[in-house]
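The structure under discussion appears below in the form of structure tokens.
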Amino acid sequence: MENTVIEKQEKQPRKTGTMPSKQTDILNLAEMVINKWNVTSEVALRWIEVDAFKKLVSEFKNSLEQRVQVGSGRQSKTKMLKNLDNTLNEAVEELKIAILGAFGREDGKSYFSEFGIVKLNNGFRMPSDRNQRQQALEILIKGIEKHKLQVTQYPLLFFKETQSEYNKLLQETQSIDSIVASEVSNKNESIKQVEKVLNALILVIKGNYPDTYKGELRAWGFQKEKY
């Protein structure tokens, strides 16, 4: 049986491309290319003209800006949810004490599930997954109402108001996530088309200016040393 010999391949030097990698840099490059293309009629692509490219770049810019704008709103909602989670965790610790006080330390833990409290690792608490926590809050409120449990610092009204705010924030973040996913899809498709045009222009410029194409590419905005 022949031995399989795995040869180590020499690492190839990493080449810096003419195209930038950051989306904002691609947008800036595309806008510079539009300006140059408008006054350079000898450079042309048979399948797309500069006006159509302008529209394509505009769509890409709008998708990019919309993604940033919507995504920034997600951060504030996430922070509010995190603060609400922390407050709820503190309240549940007090609730656990009340449950043990009402049903005894031996039997009390068996009632935790009726309040949406589950065993996680070495302790009992509400689920960390927010969709599961949303359901657990509903169970918690029903448990307090059923057993008429009194938690001094956190009355039933607190949990109901917390549930209302939690549901609202969770719905808003899910809505934002849906919009972001849609915008990302639109942006990704737009950037593919923009890059396709830019790469085609690079080839045409190199073909039209075989001796001076490096200078021409810089004049169009293709400056790889910046990327």
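The values are calculated or read from the model by the stated rules, or taken from the named source; none is laboratory data. Not measured: the values here are computed from a predicted model. For neighbour counting, all protein chains shown are included, and Cβ atoms are generated from backbone atoms with ideal geometry for every residue, glycine included.
Data table
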quantity	calculated
Matching residues, the stretch 41-51, being without any contact (Cβ under 8 Å) to a residue 24 or more places away in the chain and surrounded by 13 or more Cβ atoms within 10 Å (Cβ to Cβ)	50
Inter-residue pairs, beta-carbon under 6 Å, first more than 10 Å from residue 187 (Cα to Cα) and touching a residue at least 60 places away in the same chain (Cβ under 8 Å) and in the stretch 54-65, second assigned to a helix (DSSP H, G or I) and not hydrophobic (A, V, I, L, M, F, W, C), 6+ apart	56/193
Residue within the stretch 165-178 that is over 18 Å from the mean Cα position of the chain (by Cα), of a type in the set (Asp, Glu) and within 26 Å of residue 217 (Cα to Cα) present	no
Selected residue (only one of 57, 33, 68 is closer than 18 Å to residue 178 by Cβ and either modelled with pLDDT of 95 or more or in a helix (DSSP H, G or I) (or both))	68
The stretch 155-181, residues that are among the aliphatic types (A, V, I, L, M) and surrounded by 14 or more Cβ atoms within 10 Å (Cβ to Cβ)	156, 169, 170, 176, 179, 180
Any hit, the stretch 182-190, residues being surrounded by fewer than 17 Cβ atoms within 10 Å (Cβ to Cβ) and either more than 18 Å from the chain's Cα centre (by Cα) or among the hydrophobic types (A, V, I, L, M, F, W, C) (or both)	yes
Residue in the stretch 74-81 that is under 29 Å from residue 154 (Cβ atoms), of a type in the set (Gly, Ala, Ser), touching a helix residue (DSSP H, G or I) at 6+ places or on another chain (Cβ under 8 Å) and not in a loop (DSSP other than H, G, I, E, B) present	no
Within the stretch 14-30, considering residues that are assigned to a loop (DSSP other than H, G, I, E, B) and of a type in the set (S, T, N, Q), the one surrounded by the most Cβ atoms within 10 Å (Cβ to Cβ)	18
Residues being buried (at least 16 other Cβ atoms within 10 Å of the Cβ) and without any contact (Cβ under 8 Å) to a residue 40 or more places away in the chain - total across the stretch 191-212	1
Residue count for the stretch 129-154, restricted to those that are under 16 Å from residue 96 (Cβ atoms), exposed (fewer than 13 other Cβ atoms within 10 Å of the Cβ) and not hydroxyl-bearing (Ser, Thr, Tyr)	2
In the stretch 105-128, the residues that are part of a loop (DSSP other than H, G, I, E, B) and surrounded by 12 or more Cβ atoms within 10 Å (Cβ to Cβ)	116, 117, 126, 127
